[in-house]
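**Student:** I have a structure I would like to understand better, so I am pasting it below and will then ask my questions one at a time.
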Amino acid sequence: MGTAVVFSQDFPTKPVRMLIGFPPGGPLDVAARLIAPRLFEGSGISVIIDNRDGANGIIAMDIVAKSAADGYTMFFGTAGNLAVNPSLYPKLPFDIRRDFTPLSHAISVSSLLYVHPSLTSRTLAEFIAYAKANPGKINYSSSGTGGLPHLSGELLNSMAKIRTVHVPYKGTAPAFNALFSNEVQFAFSAVVSGLQHVKSGKLRALATTAGRRLALLPEVPTTGETIPGFEIDNWYGMVLPARTPRNVVMRLHGELARVLTLTDIRDKLAAQAWEPVGSTPDSFGVFMKSENEKWARVIKGSNIRPD
């Protein structure tokens, strides 16, 4: 015990590695590269981003789960990585609750319900009425089976009591291309993915999945205004290996919380319709558990299996 306390008082003395489960250039990678250079600012300690793409983030998470619990290895992931995968994949090489220490719910990521302009629906209520009159005839795209865009569509089917058809694609770009060509009629995706297409008139935004209207699109209502209780946050959060000393956890949390209060960081996040959160490790643990239970119900109820 004494050794851990002495060690953690000296933390950090060398570079810290931040693993993410996606290739460079995606939204999570962009967020990581905003935050990482500002951690331990002025101390001479760097945070190195390590992109380990593959298996919906499972490869990167497994590396972190099996790393030394010393604070020098962390995982920065999405709601899909940290809350959906445990229910989607029955044989993960780690246990999400046993093998990780929550650090923080870092960023809240809002999505929009995009529709092709050929649909006459101007509101979510009109869209639901149209879907009820045409069961099984409306398709929606996603960036892959089991991701938040897919599960968002299944949650809409369940809560609005409609039946639409999921069509998975390999990534956000082809999913949007299918929507542009009217191959599918709607999609849930991040604001940053399609905002320019809404402004150009190529797509229409019926609602945001956020808990309140977005500053970037104040005229677009929330899904909850039409379907009470429908709220989806494709959040980004950080975890550490289990048994990381508490004062190391709190040192890292303090750094992250500080970065998320910086004006230039908040402005850059706001430009992507991202909201800094910076929750405590304990509250993030509670949040992760509730999110896991929420998506487990959707996965079971819709009988979703990974590709």
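The values are calculated or read from the model by the stated rules, or taken from the named source; none is laboratory data. Quantities reported herein were computed from a predicted structural model and do not represent experimental measurements. Quick reminder, even Gly has a Cβ in these numbers, built from the backbone with ideal geometry, and neighbours come from all protein chains shown.
**Student:** Where the second residue is crowded, with 17+ Cβ neighbours inside 10 Å and β-branched (Val, Ile, Thr) and the first is on the phi > 0 side of the Ramachandran plot and free of Cβ contacts under 8 Å to residues at least 40 places away in the same chain and lies in segment 125-136, which pairs have Cβ atoms under 9 Å and are six or more apart or on separate chains?
**Tutor:** The qualifying pairs are Gly136/Thr164.
**Student:** Right, something else. What number of residues within segment 196-212 satisfy the criterion of being surrounded by fewer than 19 Cβ atoms within 10 Å (Cβ to Cβ) and either touching a residue at least 24 places away in the same chain (Cβ under 8 Å) or farther than 20 Å from Arg122 by Cβ (or both)?
**Tutor:** Residues in segment 196-212 being surrounded by fewer than 19 Cβ atoms within 10 Å (Cβ to Cβ) and either touching a residue at least 24 places away in the same chain (Cβ under 8 Å) or farther than 20 Å from Arg122 by Cβ (or both): 7 in total.
**Student:** Taking into account only those residues within segment 46-86 that are surrounded by fewer than 16 Cβ atoms within 10 Å (Cβ to Cβ) and modelled with pLDDT under 95, which is nearest to Val249 (Cα to Cα)?
**Tutor:** Asp53
**Student:** Taking Arg98 as the residue in question, decide whether it is surrounded by 15 or more Cβ atoms within 10 Å (Cβ to Cβ) and of a type in the set (Lys, Arg).
**Tutor:** no
**Student:** Okay, moving on. Within segment 26-65, how many residues are on the phi > 0 side of the Ramachandran plot and either part of a helix (DSSP H, G or I) or in contact with a Leu (Cβ under 9 Å, 6 or more places away or on another chain) (or both)?
**Tutor:** Of the residues in that region, 3 qualify.
**Student:** Then there is this: Which of the residues that make up segment 1-45 are out of contact with any strand residue (DSSP E or B) (no Cβ under 9 Å at 6 or more places or on another chain), within 23 Å of Leu82 (Cβ to Cβ) and modelled with pLDDT under 95?
**Tutor:** Within segment 1-45, Gly25, Val30 meet the criteria.
**Student:** Here's something else I'd like to know. So which residues in segment 150-171 are touching a strand residue (DSSP E or B) at 6+ places or on another chain (Cβ under 6 Å) and in a helix (DSSP H, G or I), if there are any at all?
**Tutor:** Passing the criteria: His150, Ser152, Gly153.
**Student:** Scan segment 70-83 and give yes if some residue there is of a type in the set (Asp, Glu), more than 21 Å from the chain's Cα centre (by Cα) and not assigned by TED's automatic domain parsing to the domain that holds Ala257, otherwise no.
**Tutor:** Within segment 70-83, not a single residue is of a type in the set (Asp, Glu), more than 21 Å from the chain's Cα centre (by Cα) and not assigned by TED's automatic domain parsing to the domain that holds Ala257.
**Student:** I'm checking my understanding of the structure. Among residues of segment 101-110 that are under 15 Å from the mean Cα position of the chain (by Cα) and not β-branched (Val, Ile, Thr), which one is surrounded by the fewest Cβ atoms within 10 Å (Cβ to Cβ)?
**Tutor:** So, considering only residues that are under 15 Å from the mean Cα position of the chain (by Cα) and not β-branched (Val, Ile, Thr), the one surrounded by the fewest Cβ atoms within 10 Å (Cβ to Cβ) is Ser108.
**Student:** Let me ask something else about it. Only one of Glu126, Glu154 is surrounded by fewer than 19 Cβ atoms within 10 Å (Cβ to Cβ), farther than 30 Å from Pro15 by Cα and of a type in the set (Asp, Glu); which?
**Tutor:** Glu126
**Student:** Quickly run through segment 213-240 and pick out the residues that are surrounded by 22 or more Cβ atoms within 10 Å (Cβ to Cβ) and either outside any helix (DSSP H, G or I) or over 22 Å from the mean Cα position of the chain (by Cα) (or both).
**Tutor:** Of everything in segment 213-240, those that are surrounded by 22 or more Cβ atoms within 10 Å (Cβ to Cβ) and either outside any helix (DSSP H, G or I) or over 22 Å from the mean Cα position of the chain (by Cα) (or both) turn out to be Ile232, Asn234, Trp235, Tyr236, Gly237, Met238, Val239, Leu240.
**Student:** Right, something else. Exactly one of (1) without any contact (Cβ under 8 Å) to a residue 24 or more places away in the chain; (2) within 25 Å of Ala83 (Cβ to Cβ) is unmet by Glu219. Its number?
**Tutor:** Glu219 satisfies all of (1) without any contact (Cβ under 8 Å) to a residue 24 or more places away in the chain; (2) within 25 Å of Ala83 (Cβ to Cβ) except (2).
**Student:** Further question on the same structure: May I ask you to say which residue of Ala210, Ala187 is assigned to a loop (DSSP other than H, G, I, E, B), aliphatic (A, V, I, L, M), within 23 Å of Ala271 (Cβ to Cβ) and under 22 Å from the mean Cα position of the chain (by Cα)?
**Tutor:** One residue alone meets the criteria, Ala210.
**Student:** Something else about it: For Ser279, work out the one condition from (1) in a helix (DSSP H, G or I); (2) modelled with pLDDT of 95 or more it doesn't fulfil.
**Tutor:** Evaluating Ser279 over (1) in a helix (DSSP H, G or I); (2) modelled with pLDDT of 95 or more leaves (1) as the failure.
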